[in-house]
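The values are calculated or read from the model by the stated rules, or taken from the named source; none is laboratory data. Remember, it's a predicted structure, so these values are computed and weren't measured experimentally. No Cβ is skipped: glycine too gets one built from the backbone with ideal geometry, and neighbour counts run over all protein chains shown.
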Amino acid sequence: MTRHHVLLATVGLAAGACVPPPPAPDDLNELTRYLFHAQPDEDPRVPSAGLVNLEAFLLEQADEGRGVQVETGLQERSWALDDLTDDDVESLPRRPDRPLSNAAGLAVAYRSSFPVRCHAELQTRVDQVPIEPTATEYVRRFPEVDDPSCFADGSCTELITVSDARRANAIFAADFVLYKNFRLLEYELDDGTPRTAMLARSWFDRSWEADDGEGGNALWQSYSTDVWIDLGGDTALRIQTLWNETELYIVGIPVEEETQLATVKSATNDIFRRADEVLTAEGACP
C-alpha cells in the first residue's frame with residue numbers, strides 16, 4: 001500500500017482504534033470535500049489520512065504533472081472545486097433553502113515561511129484584523145476555553161471560535177458572524193517523517209444582508225477548510241478551500257461569478273501573505 005492510501009501505525013495507536021478507517025481519496029477535488037467533512041471526526045486518523053494525501057498531491061505529484069505547483073504564481077496554485085454535498089454539511093446549522101450548488105468553490109495553496117505553531121498562536125488572538133486584510137472589524141471569541149493560549153502551546157488540541165466581523169469596501173458592506181473550529185494533529189508519513197498540522201473549517205449558520213437593506217447585496221452562504229502542514233525547516237504548506245455564495249451589484253448590475261472568484265482568489269492570497277508579514281514584523285517566530 002502507498003503513501004496515498006495509508007495512515008501510519010503511530011496515528012492508529014494514538015487513536016486507540018483497531019480497525020483502520022476507509023482510505024482517504026487521492027483525487028484533489030474529492031480530498032477538499034473529504035477534509036471539510038472529516039475535520040471534526042473523533043478518530044484523528046480520518047482527517048490525518050486526507051492531509052497525507054493532500055501533501056502528496058501538492059508536493060509530490062506536481063512533478064508528474066498531476067499536482068499543484070505551490071512555488072509558482074497565483075494562477076498555477078489555485079483551482080476550482082466541485083460542489084459540496086448535503087452529506088458534507090449534514091452536521092452544521094445552515095440555511096437549508098440555499099442550494100449548495102450555488103456556492104462556487106475555489107482553493108489556493110501557499111508555502112509559508114513559518115511553522116504551524118506560529119500560525120496557531122495567531123489564531124488565538126481576539127483581534128484578527130491584522131491577518132484578515134479584507135475585514136474592517138474581526139473580533140474572535142472562544143466560547144469553550146477561558147484562555148486560548150492552550151491551543152498555541154499544544155496543551156489543548158481543539159479550539160472552538162466565533163467571530164463577529166465586518167467586511168466593507170466601495171460596493172459592499174456587511175456584518176456577519178463566522179463559526180470556525182481548529183484542530184491540531186500529529187501523524188507520520190509512511191517513511192516515518194513526523195508531521196504537525198492544523199486543520200480548520202468554518203461556516204455561516206445563516207445569510208447576511210448588506211447595509212443597503214435593499215435585498216440585493218448579500219452573503220448567502222459560506223463554508224471553508226484551512227490547512228497548515230509543517231514541512232520542516234520552519235516552513236508550512238497552507239491551503240484554503242472556500243465555497244461561497246455572494247450576491248453583488250454595482251449600480252444595479254450583478255457582478256459575475258467569475259469576477260467574484262478572481263477577487264476571492266486574490267484576497268485569499270493576501271491573507272496568506274499578511275500572516276507571514278505580521279509574524280516577520282513581530283520577530284517572535286520561529
Every listed condition ((1) free of Cβ contacts under 8 Å to residues at least 24 places away in the same chain; (2) among the charged types (D, E, K, R); (3) under 29 Å from W220 (Cα atoms)) holds for D147 save (3)
Taking the range 40-51 and keeping residues under 16 Å from the mean Cα position of the chain (by Cα) and either among the basic types (K, R) or surrounded by 20 or more Cβ atoms within 10 Å (Cβ to Cβ) (or both) leaves P47, S48, G50, L51
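Does D226 count as of a type in the set (D, E, K, R), surrounded by 18 or more Cβ atoms within 10 Å (Cβ to Cβ) and in contact with a helix residue (DSSP H, G or I) (Cβ under 7 Å, 6 or more places away or on another chain)? Talk me through it step by step, then tell me what you get.
Working: of a type in the set (D, E, K, R): yes; surrounded by 18 or more Cβ atoms within 10 Å (Cβ to Cβ): yes; in contact with a helix residue (DSSP H, G or I) (Cβ under 7 Å, 6 or more places away or on another chain): no.
For D226, the condition - of a type in the set (D, E, K, R), surrounded by 18 or more Cβ atoms within 10 Å (Cβ to Cβ) and in contact with a helix residue (DSSP H, G or I) (Cβ under 7 Å, 6 or more places away or on another chain) - is not met.
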Flagged pairs (Cβ under 9 angstrom, 6 or more apart or on separate chains; first in the range 88-106, more than 25 Å from E258 (Cα to Cα) and at pLDDT 90 or above; second of a type in the set (D, E, K, R) and part of a loop (DSSP other than H, G, I, E, B)) are L92/D205
Taking the range 140-177 and the residues there that are touching a Pro at 6+ places or on another chain (Cβ under 9 Å), not basic (K, R) and not in a loop (DSSP other than H, G, I, E, B), the one that is farthest from P44 (Cα to Cα) would be V162
| message | Would you confirm whether or not the range 107-126 contains a residue that is more than 18 Å from the chain's Cα centre (by Cα), hydroxyl-bearing (S, T, Y), surrounded by fewer than 20 Cβ atoms within 10 Å (Cβ to Cβ) and closer than 26 Å to R77 by Cβ? | response | no
Inset, instruction - Answer yes if at least one residue in the range 134-147 is modelled with pLDDT under 95, buried (at least 17 other Cβ atoms within 10 Å of the Cβ) and within 30 Å of A210 (Cβ to Cβ), and no otherwise. - result: yes
